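Please read the structure below before turning to the comments.
The values are calculated or read from the model by the stated rules, or taken from the named source; none is laboratory data. Not measured: the values here are computed from a predicted model. Cβ atoms come from the backbone with ideal geometry, glycine included; neighbour counts cover every protein chain shown.
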Amino acid sequence: MWRGAARPGSGWNTVFSGLRVMSHGKKIAFVLLWLPLLASCSLPGLYFSGPARRPGGRVLPYVIQPVTPALLARQATRRRKIAVGQPNPRLAREIGDYAYRVGPHDVLAIVVWGHPEFLATASAVTPALPATAATPSAPPPTRTHDFTVHANGDLYFPYVGSVPVAGLTVTAIRRLLTGKLDRLLKDPQVSVQVVGFHSKTYELAGAVVRPGLYPVTDVPLTVSQAIARAGGVLQTGFGILGTNQGTVSRSLADLGRVVFFNQGHREILDLRAFYRDGDLAQDRLVRAGDIIRVPSNSFDQVHIIGEVVHPGDYPMYGGHLNLAEALGDAGGLDLTTANPARIFVFRGAYEKPKIYWLDARSPLTMLLANQFALEPQDVIYVATSPVSAWNRIVSQILPTVETLYETKVLTNY
């Protein structure tokens, strides 16, 4: 475990207590003598000074794990175990049992084979346009197979009258009409098909190409298929600082956290695992009234601070980014101030953080960085080199020395 030096500020108290009893020349010599000792306790920045503490004093232990081939092997083993696509027998059963139920405003194509007298007129399905100067005579009504379900759920069929069909499948409607026509015809042959789906919808929102309301049809549809039907997720291009890669296309959607509302229940689906590993357990059947929200990937990023050329927030590419890529996106280490021996990755909650340490002084260790997979919201910190720390100490202490000198000069006069 890394541990820092004395409590911040304690070194300065010792310095100034000694300065009060010394001559001017000895004061400057004394301050310069203390400069190296103050390096770890007086400069602003990130230091490890023992266990972190919550407000109130409870110790929060942390462990720093070096990035080694053994660590990467353990992480790769865990990823392989996770990256096994799980079957979804419930989804397969729901798709196999799926049947569309007719509702108000749906349009049905109904044919009684061999009996054209049961065809409806077009005016019975669509109101006829009034005659105008442009259309002096209305065309004669045409015959059609289409019948619209009324708002009350009934369907008017010739020679039969009003038939309640809302909530029935096309198979049930066909049997119902066949039973009613059996009193008029000998062995009637009836076919029923939904040709206009207007009664049931689902909503797709968020970072997709075509968000909006979509009809539920007689073909079963899953969440992944609904996103594909909407044109997929939004894509954009962006330039990477410090590189010559130019514009790179990346997704604006976070498929790892798709929100699915079904009958009042909220569920988070990891469709990234579905697409990457074939994990069918992450997909669901879409029903009437469902809401699918694909969030943006603003959460899908890492934060780079410390001695790099371009510190800041950097996006992940489809949820994937390794440590070497992240440092490259940030322009690499600042060669004048960075300490390649102290590169840290902070991960997890404050209560129990994980801290990984990479010593990148050897070119071979950068191969480890190329294999170290980052996670969303990781914080990468590159520490300051000892020479840079000394320069900062001098730049901060010299004004104090100058003030002491000027004070001495003024008091002598």
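Just a few scattered comments:
- The residues in the range 164-220 that are assigned to a loop (DSSP other than H, G, I, E, B), closer than 23 Å to H150 by Cβ and touching a Pro at 6+ places or on another chain (Cβ under 8 Å) can be counted, and the count is 5.
- All conditions but one from (1) touching a Ser or Thr at 6+ places or on another chain (Cβ under 9 Å); (2) at pLDDT 95 or above apply to A172; the one that does not is (1).
- Here the condition is being under 43 Å from the mean Cα position of the chain (by Cα), buried (at least 18 other Cβ atoms within 10 Å of the Cβ) and at negative phi; of V219, V195, V190, V170, it holds for V170 alone.
- Condition check for A330: farther than 30 Å from L234 by Cβ, surrounded by 15 or more Cβ atoms within 10 Å (Cβ to Cβ) and among the aliphatic types (A, V, I, L, M): no
- Y202 being touching a strand residue (DSSP E or B) at 6+ places or on another chain (Cβ under 8 Å) and either under 22 Å from Q263 (Cα atoms) or of a type in the set (A, V, I, L, M, F, W, C) (or both): yes
- The residue that is surrounded by the fewest Cβ atoms within 10 Å (Cβ to Cβ), among those in the range 290-309 that are in a loop (DSSP other than H, G, I, E, B) and at pLDDT below 95, is V309.
- All of (1) in contact with a Lys or Arg (Cβ under 8 Å, 6 or more places away or on another chain); (2) at pLDDT below 80 hold for T403 with one exception: (1).
- Members of the range 333-384 that are surrounded by 18 or more Cβ atoms within 10 Å (Cβ to Cβ) and acidic (D, E): D334, D378
Yes/no per residue for (1) among the hydroxyl-bearing types (S, T, Y); (2) modelled with pLDDT of 90 or more; (3) in a loop (DSSP other than H, G, I, E, B); (4) assigned by TED's automatic domain parsing to the domain that holds Q75:
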| site | (1), (2), (3), (4) |
| --- | --- |
| Q245 | no, no, yes, no |
| V248 | no, no, no, no |
| A324 | no, yes, no, yes |
| L327 | no, yes, no, yes |
